[in-house]
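Everything on this sheet refers to the single structure shown next.
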Amino acid sequence: MTENVLEPALYIVPTPIGNMQDITDRAINVLKHADVICAEDTRHSMPLLTQIGVTLQKSKLISFHDHNETEKAEKISEIIESGKSVAIISDAGTPLISDPGYHLVATCAQKNIKVVPLPGACAAITALCASGFPTDRFLFVGFLPVKQEALHKKLLSLEKETGTMIFYEAPRRIIASMSAIAEVFNDREVVVARELTKTFETFYRAKACDMVEVLKNDPNYEKGEMVIILSPYREPEEKSVPDEALKLLKLLLAELPTKNAAQITAEYFGLKKNDLYKLALSIQDK
Ligand code: SAM
């Protein structure tokens, strides 16, 4: 593709998340010909830009990150209004996805400035596609809160999410986050995707309650970046519980806290506590 002059617009340009071959010809072309490139970390982006043949005059590269985004959005939109083409890239993957860019795009949209999104690498979608979980409905959650209370609250709010959930996580936080996920989601299926598109790409597949152990069994589990994919909530079917158990559960629910009612019914009929708990929640919602 040879296109030497770009029309004035904001170009959203994804870059690889590990494998350098995952950049499109179109992305390279835009980066080569854009008047200005906004990069999250200019030093970080330099090797990639040099590798793909982008000539770097100093004036072409602008730093653009979380801390100066709002302030720079106005200035950058004015550059486009003056007739220039501006490309935005982040350190890796698709800008705006747990990366800066939202304020800039919002400013451009508000000012009727053309925004041209290029498709490309994104860890969330790459991991989702390999998870084996439903892809017809999904929720990108991004990074989970670090503080214990906020983390727990966030996870509880997702307990009955009916779409597959996608979380980003840093290696040093994976055990803390997975432990919290296990507490709330217990035997729900989870996939941890590590080092996507790289040589040591690894998928760990387990129930939430077993994932910490599965990870710790791999001496390399803390190396590289990772995405957590959590399977969706499914309504337990009343049919799968014997009529007598359902009757007892309903009676107990009128008198006891949900957890206790589910536990007693499960023990009495030799059923799974978690199934009864989910069923109790769904009965209460009706
Ligand atoms: N904008 C990027 C994208 O499109 O995926 C995400 C940027 S966010 C700051 C970085 C997080 O993305 C990492 O902490 C990790 O959760 C995830 N990530 C990025 N590259 C990855 C990779 N190669 N393998 C697994 N996860 C990755």
Filtering the range 126-144 down to residues that are open to solvent by 40 Å² or more (accessible area, probe 1.4 Å) and either in a helix (DSSP H, G or I) or farther than 19 Å from ARG234 by Cα (or both) yields THR126, CYS129, PHE143
Go through the range 174-206 residue by residue and tally those that are within 19 Å of PRO145 (Cβ to Cβ) and either near the ligand (Cβ under 10 Å from one of its atoms) or not charged (D, E, K, R) (or both).
13
Scanning the range 85-94 residue by residue, those open to solvent by less than 10 Å² (accessible area, probe 1.4 Å), within 7 Å of the ligand (Cβ to nearest atom) and on the phi < 0 side of the Ramachandran plot turn out to be SER90
Residue pairs qualifying under the 6 Å Cβ cut-off, at least six apart or on distinct chains, with the first in the range 54-83 being surrounded by 15 or more Cβ atoms within 10 Å (Cβ to Cβ) and the second being of a type in the set (D, E, K, R), are VAL54/LYS32; PHE64/LYS72; HIS65/GLU40; SER77/LYS111
Among the residues of the range 220-266, how many are at pLDDT below 90, more than 29 Å from ILE166 (Cα to Cα) and open to solvent by less than 50 Å² (accessible area, probe 1.4 Å)?
1
Is one or more of the residues making up the range 211-226 aliphatic (A, V, I, L, M), within 14 Å of the ligand (Cβ to nearest atom) and closer than 18 Å to PHE143 by Cα?
yes
ILE97 passes all but one of (1) surrounded by 14 or more Cβ atoms within 10 Å (Cβ to Cβ); (2) out of contact with any Gly (no Cβ under 9 Å at 6 or more places or on another chain); (3) not assigned by TED's automatic domain parsing to the domain that holds LYS223; which number fails?
(2)
Counting only residues that are within 14 Å of the chain's Cα centre (by Cα) and either open to solvent by 10 Å² or more (accessible area, probe 1.4 Å) or near the ligand (Cβ under 10 Å from one of its atoms) (or both), how many does the range 159-173 have?
5
Among all residue pairs at least 6 apart or on different chains, which show Cβ distances below 6 Å where the first residue, located in the range 17-42, is farther than 16 Å from VAL86 by Cβ and buried (at least 16 other Cβ atoms within 10 Å of the Cβ) and the second is modelled with pLDDT under 95 and among the aliphatic types (A, V, I, L, M)?
ILE28/ILE52
Is there a residue in the range 147-164 that is in contact with an Asp or Glu (Cβ under 8 Å, 6 or more places away or on another chain), touching a residue at least 12 places away in the same chain (Cβ under 8 Å) and within 30 Å of ASP25 (Cβ to Cβ)?
no
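The values are calculated or read from the model by the stated rules, or taken from the named source; none is laboratory data. The shown structure was predicted, so the numbers you read here are calculated from the model rather than taken from an experiment. For neighbour counting, all protein chains shown are included, and Cβ atoms are generated from backbone atoms with ideal geometry for every residue, glycine included. Calculation scope for accessible area: heavy atoms of the full protein, side chains included, ligands and nucleic acids excluded. Shrake-Rupley method; radii C 1.70, N 1.55, O 1.52, S 1.80 Å.
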